[in-house]
1. Whole-Hz Karplus ³J(HN,Hα) for region 124-134, in order, using 6.51 cos²θ - 1.76 cosθ + 1.60 and θ = phi - 60°, x for Gly and Pro?
2. Set the Förster radius R0 to 30 Å, insert the Cβ-Cβ distance between residue 147 and residue 180 as r into 1/(1 + (r/R0)^6), and round the FRET efficiency to 0.05.
3. May I ask you to derive the relative contact order of region 32-110, considering only C-alpha pairs under 8 Å and at least 6 residues apart, and to give it as an integer percent?
4. What is the gain in length, in nm to one decimal, between residue 221 and residue 78 on full extension, counting 0.36 nm per residue of separation less the C-alpha to C-alpha distance?
5. Rounded to the nearest Å, what's the spacing between the alpha carbon centres of region 141-215 and region 48-100? Just the number, please.
6. Restrict the search to region 144-176; then list the GluC sites (Glu not before Pro) that DSSP places in a loop and that have at most 14 other Cβ atoms within 10 Å of their Cβ.
7. Return a whole-number percent for the relative contact order of region 119-223, with Cα pairs under 8 Å and 6 or more residues apart as the contact set.
8. So what is the calculated 222 nm ellipticity per residue for the chain, using -39500 (n - 2.57) for each DSSP H run with n of 4 or more, over all residues, to the nearest 500 deg cm²/dmol?
Amino acid sequence: MAPSSARPGGDSTAPRPFSLLSFDCFGTLVDWRRGLADGLARQGVPTDDAGALERFFTRREAAERGLQAAEPGLAYRTVLARSTRDAVREVWGIALSPESADAIAAGQRGWPAWPDAPAALARLDAAGFPLALLSNCDEDVLLDCAREVLGLDEVLLVASSAVGSYKPAPGHWEALLRATGLPPDAVLHASAYATYDHVPARALGFAVAHVARPGAEAPDFAPDLAVADLADLADRLGA
């Protein structure tokens, strides 16, 4: 069993044991906006206009959701490349070549971690918390990110390519429970996003922690834990 952690009720610090901590990866642990913007710039897309870049993020996410809903078995690298091409064309009027779009998608392997994430994850690991990453991405990319970007060797990975669906479908959490044999309330799932993570995780009975990242989407219910960043989460869990 993991050490005692914070218990439900937003900012409560009463003890509660969690047997495993699971995390959304891209957005909560990794700064996907910075990574994607850097990839665009390397392909000659002008990213200096903050308003245009924000419109791109919004349009690309909408295109991504449409592709994932229509073809849940589609590899994420294909989803990312297609949604990026569509959004770049709409926002900047630039027709990216398939090769350029594929290069941007391939760059996901090197998207940067949020500065607080690797050290906080190391603290949690050292404190004896088993860790898991649940992500809408391809399994090989998630493995590289865990090892090379986040510094995690012993971690359970649940990727869309392995479960055949995309969050917010319940497949990631169901796969986690099958792999661990744990009941849902023994797991604390941390994310910055309500729609993709908090809502489906809570519906299955998981405890949820909201991490306040830029562009984060808080749930409309009280999370079990609300933290400023991953260092705050490690502090609150006594790591």
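No lab work stands behind these numbers, since they all come straight from the coordinates. None of these values were measured; they are calculated from a predicted model. Cβ atoms come from the backbone with ideal geometry, glycine included; neighbour counts cover every protein chain shown.
1. 5, 5, 5, 7, x, 7, x, 10, 9, 10, 10
2. Plugging the Cβ-Cβ distance into 1/(1 + (r/R0)^6) gives 0.90.
3. Reported as a whole number, the value is 38 percent.
4. 48.1 nm
5. 23
6. Values: sites: 148, 154, 174; in loops: 154.
Sparse-neighbourhood loop GluC sites (Glu not before Pro): 154.
7. 19
8. Calculated mean residue ellipticity at 222 nm is -12500 deg cm²/dmol.
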